[in-house]
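The values are calculated or read from the model by the stated rules, or taken from the named source; none is laboratory data. Just so you know, these numbers come straight off a predicted model, no measurement behind them. Reconstructed Cβ throughout: ideal geometry from the backbone, glycine too, with neighbour counts over all protein chains shown. To get the accessible areas, we keep the full protein, side chains included, count just its heavy atoms, and leave off ligands, DNA and RNA. Shrake-Rupley method; radii C 1.70, N 1.55, O 1.52, S 1.80 Å.
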Amino acid sequence: MAKQLIKGNEAIVKGAILAGCRFFFGYPITPASEVAEAAAYYMPQVGGTFIQAESEVASINMVYGAAAGNVRVMTASSSPGISLKLEGLSYCAGAELPLVLVDIMRAGPGLGNIAPEQSDYNQIVKGGGHGNYKVIALGPNCAQEMCDLTMLAFDLADKYRNPVVILADGFIGQMEEPVEFPEAYASFPDKPWALHANADDEHRLITSIQLEPEMLEQHNIHLQEKYRIISENEVRYEDYMVDDAELVLIGYGVVSRILQTVVDDLRAEGKKVGMLRPVSLWPFPSAHIAELGDRVKNFLVVELSNGQMVDDVRLALMGKTPVHFYNRMGGMVPSPEEIYAQVKTIWEA
Amino acid sequence: MAEKRLSKADSFYKVYERTPSAIKDVTHYCPGCGHGVLSKLIAEAIDDFGIRERTIFMSPVGCSVFGYYYFRTGNIQCAHGRAPAAATGIKRAYPESIVISYQGDGDLAAIGGNEIIQAANRGENITVFFVNNAIYGMTGGQLAPTTLIGQKTTTSPFGRNPANEGYPIRVSEMIATLEAPVYVERVMLGDAKNTNKVRRAVRKGLSNQIDNKGFSLIEVLSVCPSGWKMTPVQAKQWMNDFMLKQFPLGVYRDRSEEIPVRESQRHVFSVDGIRDKLELPKSGEQTMQVEKPAAEFMNPRLKLAGFGGQGILMLGLMLAEAGMRAGYHVSWIPSYGPEMRGGTANCHVNLSERRIGSPVVSKPTVLVALNQPSLDKFESEVAPGGLIIYDTALVPNPPKRKDVKVLGLPATTIADELGNTRIANMVVLGAYVGYSRILPKEVVFSALPALIKRKNLLPLNELAVEKGMEFVTRMGS
Ligand SMILES: Cc1ncc(C[n+]2csc(CCOP(=O)(O)OP(=O)(O)O)c2C)c(N)n1
Ligand code: SF4
Ligand SMILES: [Mg+2]
């Protein structure tokens, strides 16, 4: 199939529609606005619905309402807007509603700026909203994955009745690359628990409230059990030249692309360096990292944040291998040369 | 219509299985509370219209949060104030359903103030029942946006003081100022006569939705003996004496007669012609075979910079598009947002035989500088042995580096000669591909239509590319 040069943000929408999504409720924010714009353009043409909501709060609640039905639904925003959506996301997780939320991260805190950062890792991966909930978080690093992981996200969301977040940075959203778009799903599996606007609905209830502590504890136990199954089955990562690596770089999103260049440069010099790229940020590839920890001498985690994912790497390794950290913040993106220099210091130490 | 029904409405569950209470046949509402009466009127109307099986009842937070204990319909319990948004979502998914948003005054007029205004303004085809009891009942009697001046609540212990808390909001009057709503009425649960008016309003609100006429809001003044710390009798009296003055009953907007009855448009899932609708490329379009350039020009990492409006981003996209058609891995990253508006623009482009690592170009092998600031800013970044292309017409001080190749051409002058300054970028494109031989002319030409939407401009753009190529040929001979 022929490829199309396309912006990551638009590839998301085309992927979503190919995966059967017909409902989009958004609110503009740079650098995520092209997602809403593409949805506004394509949704009506494929018999779908696009609404520009009055706020991110309203848009996630529109998603909540639509996700209660037998349809596929999504929304997109960037960091400040995601903060506003977190109340709703907690309700969706509590009511076990499937949906896809796209976060094209920008720099913070506060209004920050519109340049790329990865500082929403904690608010997405660690909860962010209230309650004991988890969302599946996928971190694409190219336009092709913006499409592919979005399609996968809809399947995972329905399979587990759980929100799935596409966690990408501003560069991955704004970048254009060739994408090969797969065939459209002819349909998607019926959701028997969802409202169908028919006679069976009297037996169906979409809710996150549970007044009785015993019952709510049971519900929480049920959720945790579901999360355990997800962590067993849905870990995704990419190894790049790690087989014989003595030093492994870890990063996701645009950082992983920069790390690949660093690995290539160092390999050209005969240095045994590799890269691990978590694709699913939750569930995190902890077991794999722990395994690597048995033979790798050093890890270097690189993030566009104050060090959020690095905590998960450290937890996975439980102190058995040194974990170094390098970061840039505020929308600054490290050059391969900068990281190369870091690796050299570790190598020579 | 019978004033008193002996049997319970069919639209209520026979047994309230969902209540955690041991008693499964009474509601959780306090004695004398208006919620129970209104629920009954709604359930009876649902029965009579025969719409129970397609009704979806939204219960946001407030004393009515447990609407799903009672209503034998589809039920969605949602966040405080957000029912109009969630109702929008499910109604759009099922336009044939009947969606009821049942909200209190704290829910609708305080925390959900924006959601209700916007849903009303979009003319969502839903029915909103707004229970105004001038208090936060559920949380124990705090100040509501509708609390009367002087009214004591647990958070206005000295009485509502407009200097501190403002004035009670008249929701019906406010919503009625909007264009879209079809029907807005304020009624009151009190004596039999008024209750009958509530019954009629409930029916009208629902029948508007059944007929797909649009948004209806029925504000129902209702007592909250518990929140007001009164007996039910005192509460009724207080409502008559005080609430009615602040909240006059009546129809505030009614276009029900003007709007024709419409069929509901069911959402139908379809993938017919979807690839065309998504403007995806036809599978026939193949990549073109190209000869490799000299080693020094292979796998270029380009930074292109100039003023906004010089077509820098387009130039980069052209290269990426053509590179893709030649079978290369490509990437393009723009500088985005305010920086562009500030007058400078730049983008990073990679063409590579291998999977591209960093799409961000920190050490370009090719710098295209279309103005002096860009050259001054990025000249030092260029990798030794790399190439700097600049527009001699706009860059008075040429590059100083001695360890790079330099290609200066009067791109803007050439473009002006062709009659359009704005195609200087295409002249530069021609010069770059001509000089480096990274892409043949045919591939560049095949890429142009993908990005140039005005087809009548294609010949001019092709000519500009050719002029750029000619320039370097002449230079070389
Ligand atoms: C986000 C959020 N804030 C606060 C609350 C607490 N809360 C529950 S009900 C309520 C007030 C409800 O009052 P109203 O809407 O007037 O309904 P009533 O109980 O009077 O019928 C509040 C503040 C909540 N559940 N969620
Ligand atoms: S607190 Fe007030 S509104 Fe709530 S059930 Fe009791 S009387 Fe009704
Ligand atoms: Mg109230």
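Label B:Met288 and B:Thr392 with points 7 Å out from Cα along Cα→Cβ: what is the distance between them in nm?
Between B:Met288 and B:Thr392, the simple spin-label model gives 2.9 nm.
Find how much the distance from A:Asp294 to A:Ser187 grows on full extension, using 0.36 nm per residue of separation minus their present alpha carbon separation; answer in nm with one decimal.
Here the segment from A:Asp294 to A:Ser187 would lengthen by 34.0 nm.
For chain B, with every protein chain kept in place, what is the accessible area per residue (1.4 Å probe, Å²)? Walk me through the numbers before you get to the answer.
Details: 19830 Å² over 477 residues.
Averaged over the residues of chain B, the accessible area is 42 Å².
Separation between the B:Val15 and A:Asn122 pseudo-spin-labels, each 7 Å from Cα along Cα→Cβ, expressed in nm?
5.0
Between A:Arg267 and B:Arg266, with labels modelled 7 Å along Cα→Cβ, what's the label distance in nm to one decimal, could you check?
Roughly 5.5 nm, to one decimal.
Rounded, prolate or oblate: which fits the stretch A:10-164, taking a ≥ b ≥ c as square roots of the Cα gyration tensor eigenvalues, rounded meaning a/c under 1.5, else prolate when a/b beats b/c?
Values: a/c = 1.34, a/b = 1.11, b/c = 1.21.
It comes out rounded by the Cα gyration axes.
Run lengths n ≥ 4 of DSSP H only: what is the helix-derived mean residue ellipticity at 222 nm for chain A, with -39500 (n - 2.57) per run over all residues, to the nearest 500? Spell out each step's value before the answer.
Details: 12 runs with 143 residues, N = 349.
That calculation yields -12500 deg cm²/dmol at 222 nm.
Relative contact order (percent) for chain B, with alpha-carbon contacts under 8 angstrom and 6 or more residues of separation?
Details: 925 pairs, mean separation 46.1, N = 477.
With pairs under 8 Å counted, the relative contact order is 10 percent.
What percent of all Cα-Cα pairs in the stretch B:1-75 falls into each 5 Å bin, going from 0 up to the bin containing the maximum distance?
3, 16, 27, 28, 18, 7, 1
Estimate the FRET efficiency between B:Lys24 and B:Asp276 by the formula 1/(1 + (r/R0)^6), using the beta-carbon distance for r and 45 Å for R0, to the nearest 0.05. Provide the component values of the computation, followed by the final result.
On the way: r = 56 Å, r/R0 = 1.25.
Rounded to the nearest 0.05, the efficiency is 0.20.
Over 22 Å between Cα atoms, which of A:Lys271/B:Lys405; B:Lys277/B:Lys453; A:Lys14/B:Lys363; B:Lys152/B:Lys245; A:Lys191/B:Lys282; B:Lys14/B:Lys40 qualify?
Among A:Lys271/B:Lys405; B:Lys277/B:Lys453; A:Lys14/B:Lys363; B:Lys152/B:Lys245; A:Lys191/B:Lys282; B:Lys14/B:Lys40, the Cα-Cα distance tops 22 Å for A:Lys271/B:Lys405; A:Lys14/B:Lys363; A:Lys191/B:Lys282.
When DSSP assigns beta bridges and you keep just the ones with both residues in the stretch A:4-233, what percent turn out antiparallel, to the nearest 5?
Values: 6 of 28 bridges.
Counting only bridges with both partners in the stretch A:4-233, antiparallel ones make up about 20 percent.
GNM on chain A, C-alpha springs below 10 Å: top fluctuator among A:Met275, A:Met105, A:Met332?
Highest fluctuation of the listed residues: A:Met332.
Determine the per residue accessible area of the stretch A:4-233 with all protein chains present and a 1.4 angstrom probe, expressed in square angstrom. Show your work: numbers first, answer last.
On the way: 6780 Å² over 230 residues.
Computed with neighbouring chains in place, this is 29 Å² per residue.
At q = 0.05 Å⁻¹, what is the log10 ratio I(q)/I(0) for the protein assembly as shown, with the Debye formula run over Cα points and no solvent?
-0.34
Round to a whole number: what % of the accessible area of the protein assembly as shown belongs to carbon and sulfur, probe 1.4 Å? Don't skip to the end; give the middle numbers.
Working: 16860 of 31180 Å².
Accessible surface attributable to carbon and sulfur in the protein assembly as shown totals 54 percent.
Express in Å², to the nearest 10, the accessible area of B:Asp376 obtained by rolling a 1.4 Å probe over the protein heavy atoms while all chains stay in place.
Approximately 90 Å² of B:Asp376 is accessible to the 1.4 Å probe.
Antiparallel versus total DSSP beta bridges in the stretch B:35-254: what percent is that, nearest 5?
Of those bridges, close to 20 percent are antiparallel.
Please compute how much accessible surface disappears when B pairs with A, both sides summed, using a 1.4 Å probe, and round it to the nearest 100 Å².
On the way: alone 23030 and 14360 Å², together 31180 Å².
Accessible area lost upon association: around 6200 Å².
Assuming R0 = 45 Å, what is the FRET efficiency of B:Lys245 and A:Arg228, from their Cβ-Cβ distance, to the nearest 0.05? The partial results should precede the final answer.
Values: r = 60 Å, r/R0 = 1.32.
Approximately 0.15, to the nearest 0.05.
What full-extension length gain, to one decimal in nm, is calculated for B:Lys402 and B:Glu381 as 0.36 nm per residue of separation minus the Cα-Cα distance?
Details: separation 21, 0.36 × 21 = 7.56 nm, distance 1.34 nm.
The B:Lys402-B:Glu381 span can extend by a further 6.2 nm.
Which one of A:Asn198, A:Asn61, A:Asn70 has the biggest mean-square fluctuation once chain A is modelled by GNM with Cα springs under 10 Å?
Checking each option, the largest mean-square fluctuation is seen for A:Asn198.
Please quote Rg/Rh for chain A to two decimal places, taking the Kirkwood radius as Rh and restricting both calculations to Cα atoms. Let's see the in-between values first.
Values: Rg = 20.3 Å, Rh = 20.7 Å.
Value, to two decimals: 0.98.
Could you work out the local net charge near A:Ile221, counting Lys and Arg as +1, Asp and Glu as -1, over the other residues with Cβ closer than 12 Å to its Cβ? Present the calculation step by step, with values, prior to reporting the outcome.
Numbers: positive: A:Lys226, A:Arg228; negative: A:Glu214, A:Glu217, A:Glu225.
With Lys, Arg at +1 and Asp, Glu at -1, the neighbours total -1.
Considering only the protein assembly as shown, what is the antiparallel percent among its DSSP beta bridges, to the nearest 5? Display every interim value, and only then the final one.
Numbers: 33 of 108 bridges.
Percentage antiparallel, nearest 5: 30.
Relative to the first principal axis of the alpha-carbon coordinates of chain B, what is the inclination of helix B:441-451, with its axis defined by its Cα atoms, in degrees from 0 to 90 and to the nearest 10?
Its long axis makes an angle of about 20 degrees.
Run through every distinct alpha carbon pair of chain B and return the Kirkwood hydrodynamic radius in angstroms, one decimal place. Write down the numbers at each step before the final one.
Details: mean 1/r = 0.0360 Å⁻¹.
About 27.8 Å, per the Kirkwood formula over Cα pairs.
Give the accessible surface of the stretch A:238-348 per residue, rounded to a whole number of Å², with probe radius 1.4 Å and ligands, DNA and RNA excluded.
Working: 4020 Å² over 111 residues.
That works out to 36 Å² for each residue.
Averaging sequence separations of C-alpha pairs under 8 Å and six or more residues apart, then dividing by the length of the stretch A:238-348, give the relative contact order as a whole percent.
Numbers: 173 pairs, mean separation 31.5, N = 111.
Dividing the mean separation by the residue count of the stretch A:238-348 yields 28 percent.
Treat every Asp and Glu Cβ in chain B as -1 and every Lys and Arg Cβ as +1, leave all other atoms uncharged, and give the resulting dipole magnitude about the Cα centre to the nearest 20 debye. Don't skip to the answer; put the middle values down first.
Numbers: 56 positive and 45 negative charges, 158 e Å.
Magnitude of the dipole: close to 760 debye.
Which positions within the stretch B:76-109 get 30 Å² or more of their accessible surface covered by the other protein chains, compared to the chain by itself, with a 1.4 angstrom probe?
B:Ile76, B:Gln77, B:Ala79, B:Arg82, B:Ala85, B:Ala86, B:Gly89, B:Ile90, B:Arg92, B:Ala93, B:Tyr94
Taking GluC sites (Glu not before Pro) as candidate sites, keep only those in a DSSP loop with at most 16 other Cβ atoms within 10 Å, then name the longest stretch of chain A containing none of them.
A:1-179
Compute the signed sum of charges (Lys and Arg +1, Asp and Glu -1) over the other residues within less than 12 Å, Cβ to Cβ, of A:Ile29.
Working: positive: A:Lys85, A:Arg106; negative: A:Glu34, A:Glu37, A:Glu56, A:Asp103.
Here the charged neighbours net out to -2.
Would you mind working out the magnitude of the charge dipole of the protein assembly as shown relative to its Cα centre, with +1 at each Lys and Arg C-beta and -1 at each Asp and Glu C-beta, to the nearest 20 Debye? Present the calculation step by step, with values, prior to reporting the outcome.
Numbers: 83 positive and 90 negative charges, 272 e Å.
Rounded to the nearest 20 debye, it is 1300 debye.
Between B:Glu417 and A:Ala40, take the C-beta separation as r, use R0 = 35 Å, and let me know the FRET efficiency to the nearest 0.05.
Values: r = 41 Å, r/R0 = 1.18.
After rounding to 0.05, the efficiency reads 0.25.
Putting +1 on Lys and Arg Cβ atoms and -1 on Asp and Glu Cβ atoms, find which of B:Ser283, B:Gly308, B:Met298 reaches farthest to the positive end of the dipole of the stretch B:265-311.
So the residue furthest toward the plus end is B:Gly308.
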